[in-house]
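The values are calculated or read from the model by the stated rules, or taken from the named source; none is laboratory data. On a predicted model such as this, the values are computed, not experimentally measured, just so you know. FYI the Cβ positions are ideal-geometry reconstructions off the backbone, even for glycines, and counts take in every protein chain you see. We work out accessible area using only protein heavy atoms, side chains counted, and drop any ligands, DNA or RNA first. Shrake-Rupley method; radii C 1.70, N 1.55, O 1.52, S 1.80 Å.
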Amino acid sequence: MKRRTLWVIGISLTVVAAMAFIIAGCGGSKAPSAKSSSNIGSNRTGEIVLTIDWSKSRVIPPSAVKVDVTITGDGLVNPIRDSIPRPQNQTVVTKVYPNLPVGFKRVTAEAKDNNNQTVAAGSGTATLAEGQRTNLEIVMSGITTGTVVVRTYRGRQQAPPDFIAFQDGDGPWQRIETTIAPQYTLTIRAPNGRYGLAVVFVRPSGPDGMTEVEVNIIHATVNELSQINLVSEEAPSANTVTVSGTIGGLEGAGAVVYMGNSYASVFPPSNTYSLQVPPGTYDLIALRFPGGPTPNKGLIQHDVVISGNTTINIDFNSSEAFVPETHNAVINGVSSGELAGGEVSFISHNGTRAWTGGGFEVPPPTIQFPFAAVPTAKQFGNDIHNLSATAETGTTTRLIERYFKAPTNLSVTLPSPFGNASVRVAATTPYTRFTASWDAYSGAQAYFAQFGEGGGIDLRQRLVSNPQLSRPKKRSRQAIQAFSRSWFVGLSAGWLGGQTSYTLPDLSGLSGWNNSWGIPAGSQVPWEVGAVVTNRTIQDFLNAELTPVDGLEARIAGKRGTVTP
């Protein structure tokens, strides 16, 4: 957010935050860096007074020849970077960084040797406020290496992205060469294991003739997130084959046949179905709907290999058919004025998703609906159920999601509303970059910000109440799709450390980056900012698209708006 420079009539008033860095063994004195002024987005500014004192007992290795300092936080579109060489005969050096916006700041210090290798590091946070001085001590310590394994998928198939880069701590972004085997191991040496990841998927023109770009940015710590599965919702393959057959045992009812991301609805008097899928291994799910809100017969065939046009006949009177268990779902906490709905789906071992029940609120504060569940004896491998419910207005979103294997009645309560959030344009060259700011949310394990060009963006699929007529498209939680370009940012609480704003990074200097992946100026851009609270780890939540965890419940709340670059 923009802030005005503070002036008292006739007097220029500077707010100073004194930050003492106790760093044993090195230091230096260098004129204040003028480049900090390019970051000012407010006129309420302060100064960081950095003191390096190597007379204390905490000693960094003698091989250190300099200390690199990085300052990030509220109001800084770009990090402040400085390098302080080891002095010859001084014991204390004071360094002033002027004209910094007030608010949260993170300061990282890395002691480096002649090979520019980090031999000790530390970090700390402080909040610069008007008329207040903040003392911050950073204690240097040795480097502990951590690793993060990243796997990328298009649909459910491992495949390389179009671009991937990572950031070690607050250091510069580094491009990673994409490989045929789309698994990447990142070595993280930063204090507290902080890192960033940028992954771009470009999808070729779909049925609407538009090329779609997904830009995913994730910031976390190694302890929070050491295994990442990033899934792109790939456009339908041109190389598809036909799966078709007859359906017996309909008894005058309709049916829906699901396979992968495809489905076919059958209405009396027809008893045949036909759908298109790319070659691969699938689970086939067939459900018979007698005209009520839930199916009364089901059939699942696991690990069906489809290599060409295939005939699979289905019979609801066969021994492999089963009667689903009927249970009830209750969604509490709907507020007046919200559009709300819920659904339950069954997700098979190989990722086929079948709708088994749902409903909309009329009236608040409760949604109730029956749903069908697959008996435990008919489940295989990672088969699981998923409850998803949303309540939203034009500017707010609340979502609750639960995964469960054993059929059961459900009662859940929507999360509390998100607080204030705002988005402003931070830069328009070399591509549009936004700064998101928000109020802290109680218990948040992560925050997110998403931006899409030219149309609405959803955290989850829109709910539909008639599965025989249409089936909602499931979107990955990491890559929220807009009409042509979308950016998603996930920020763990450990990485943020209390910070409540974030500016999209400038990746234009990296080989392979394409500035056209940014959202162009001149169009109204929808955005959403929010928080995630789960009863499991944030890693379980992020990877649930491919490997859902029984009992995982995620509660998400956000604010929406638009901004015009």
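Computed from the Cβ-Cβ distance with R0 of 60 Å, the FRET efficiency linking N317 to N420 stands at 0.55.
Across segment 276-284, rounded Karplus estimates of 3J(HN,Hα) from the backbone phi angles (6.51 cos²θ - 1.76 cosθ + 1.60, θ = phi - 60°) give 10, 9, x, x, x, 10, 9, 10, 9 Hz, Gly and Pro being marked x. What the phi angles of segment 94-99 give under the Karplus curve with 6.51, -1.76 and 1.60, with θ = phi - 60°, is a coupling list of 10, 10, 10, 10, x, 6 Hz, glycine and proline written as x.
Along segment 258-272 the Karplus relation, 6.51 cos²θ - 1.76 cosθ + 1.60 evaluated at θ = phi - 60°, assigns HN-Hα couplings of 10, 8, x, 9, 10, 8, 9, 9, 10, 10, x, x, 5, 10, 10 Hz to successive residues, with x for each Gly and Pro. The mean accessible area for residues of segment 314-367, using a 1.4 Å probe and ignoring ligands and nucleic acids, is 38 Å² per residue. Whole-percent P(r), segment 516-565, all Cα pairs, 5 Å bins from 0: 5, 16, 19, 14, 12, 13, 13, 7, 2.
A simple spin-label model places pseudo-atoms 7 Å from Cα toward Cβ; at N382 and A440 they are separated by 3.6 nm. Taking max minus min of the alpha-carbon positions on each principal axis, segment 93-176 gives extents of 55, 34, 18 Å, largest first. The largest accessible area among S523, S274, S336, S388 belongs to the first residue in S336, S274, S523, S388, and the rest follow in falling order (1.4 Å probe, all chains).
Applying 1/(1 + (r/R0)^6) with r as the Cβ-Cβ distance of N115 and E251 and R0 = 56 angstrom yields a FRET efficiency of 0.15.
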